[in-house]
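The structure appears below as structure tokens.
Coordinate-derived values only; no laboratory data. All values reported here derive from a predicted model rather than from experimental measurement. As a convention, Cβ positions derive from the backbone with ideal geometry for all residues, glycine included, and neighbour counts pool all protein chains shown.
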Amino acid sequence: MTRGRGTTPSYRPGSRGRLTERQRLEVCLGALLTQNTAWTNASRAIEALNRADSARLDKLVRMPSRRLEDLIRSSGYFRQKAIKLKTFAKHALTKAGIGRWLAGPLPLLREELRSLHGIGPETADSILLYAGGRPSFVVDAYTLRIGSRIGWFGQGASYDEAASFFTGRLAVSAELYAEYHALIVELAKRHCRKKPVCEGCPLRKGCRRGSAS
Ligand code: SF4
């Protein structure tokens, strides 16, 4: 497949620095499209939106649902995701741009995002941290798995309890929160897999499960 110039998502997870408004939108689209699928599938959907020159809030709102579903098909659950994208875009359009919107008071923003259709705590915090550069700690399945195995919190810890474990101990810093999240993802891939590979894990010494194995 030939990739048209400028269709590749200009934002990659882990990107640093101040984002353009287009990159902020891509982060938000990515956060919604990567739900229940791998990033590569979400990325292909963003590429398709870029190729169709449709990665813009106003275009997403105006576009017929069928067309949007076709463009984001690679991300799976495309009908539900088309509704989520349209809801998000419609709401963001009323806020004079994503950058300005996400600069508002953090607790209120978090509630506002969570109240939108299809945006749960993880997606809301991802949008705040990576699109807004706000210090909002992202908890994902890896965080819950590693934290409960090590003993940072119980196995049935809620999203907010797990987030509080980190925010109560770390300096309030978007960069630091992003770094921690990246390290957690890396640890989950290298060692703390579904079946953990504790041998060589850098956290083994302080890990309840690892030190017992
Ligand atoms: S020691 Fe084992 S269980 Fe503990 S964090 Fe490392 S891989 Fe996971």
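For the pair L183/R18, report the inter-label distance in nm, with labels modelled 7 Å from Cα in the Cβ direction.
Label-label distance for L183 and R18, simple model: 2.8 nm.
Which is farthest toward the positive dipole end of the chain among A48, V138, A31, measuring Cα position about the Cα centre, with Cβ charges +1 (Lys, Arg) and -1 (Asp, Glu)?
Highest projection toward the positive end goes to A48.
What lysines does K86 reach when the alpha-carbon gap must be under 24 Å and sequence neighbours fewer than 8 apart in one chain are set aside?
Leaving aside lysines fewer than 8 places away in the same chain, those within reach of K86 are K59, K95.
Identify all lysines with a Cα-Cα distance to K194 below 25 Å; exclude those on the same chain that are fewer than 8 residues away in sequence.
Partners found: K205.
Between S65 and N36, take the C-beta separation as r, use R0 = 30 Å, and let me know the FRET efficiency to the nearest 0.05.
0.95
Equivalent ellipsoid semi-axes for the stretch 21-131, as square roots of 5 times the alpha carbon gyration tensor eigenvalues: give them largest first, rounded to whole Å.
21, 15, 12
Rounded to the nearest 20 Debye, what is the dipole magnitude of the stretch 126-213 about its Cα centre when Lys and Arg each give +1 and Asp and Glu each give -1 at the C-beta?
Approximately 520 debye in magnitude.
Quick one: L29, L49, fewest Cβ neighbours within 10 Å first, how do they rank?
Ascending number of Cβ neighbours within 10 Å: L49, L29.
Can you check what the net charge comes to around G104, using other residues whose Cβ is under 12 Å from the Cβ of G104 (Lys, Arg +1; Asp, Glu -1)?
Residues near G104 contribute +2 overall.
Within 10 Å, count the other beta carbons around each residue, average over each peptide in 194-207, 129-142, and list them highest first.
Most protected by this proxy first, the peptides run 129-142, 194-207.
Could you calculate, for the chain, the ratio of the Cα radius of gyration to the Kirkwood radius, expressed as Rg to Rh?
So for the chain, dividing Rg by the Kirkwood Rh gives 1.00.
With a 10 Å Cβ neighbour count serving as the proxy for reagent exposure, in which order, fewest first, do I83, I46 appear?
Going from sparsest to densest Cβ surroundings: I83, I46.
Using unit Cβ charges (K, R positive; D, E negative) and no other charged atoms, how large, in debye to the nearest 20, is the dipole of the chain about its Cα centre?
Dipole size: approximately 540 debye.
Peptides 85-96, 106-117: what's the order by average Cβ count within 10 Å, highest mean first?
85-96, 106-117
By how many nm would the segment from Q80 to K195 grow when fully extended, if each residue of separation counts as 0.36 nm and the alpha-carbon distance is taken off?
Full extension of this stretch gives 38.2 nm more.
Note down the magnitude of the dipole of the stretch 102-165 about its Cα centre, charges +1 on Lys and Arg C-beta and -1 on Asp and Glu C-beta and zero elsewhere, to the nearest 20 debye.
140 debye
Using a 7 Å offset from the Cα along the Cα-to-Cβ direction at both H117 and S213, what is the distance between the two label points in nm, to one decimal?
4.3 nm
Gap in Å between the Cα centre of the stretch 199-213 and the Cα centre of the stretch 138-189?
Comparing the Cα centres of the stretch 138-189 and the stretch 199-213, I get a distance of 17 Å.
For n ≥ 4 DSSP H runs only, could you compute -39500 (n - 2.57) per run for the chain, divide by its residues and tell me the 222 nm figure to the nearest 500?
Computed ellipticity for the chain at 222 nm equals -16000 deg cm²/dmol.
Note down the relative contact order for the chain as a percent, whole number, built from C-alpha pairs under 8 angstrom at least six residues apart.
After rounding, I find 16 percent.
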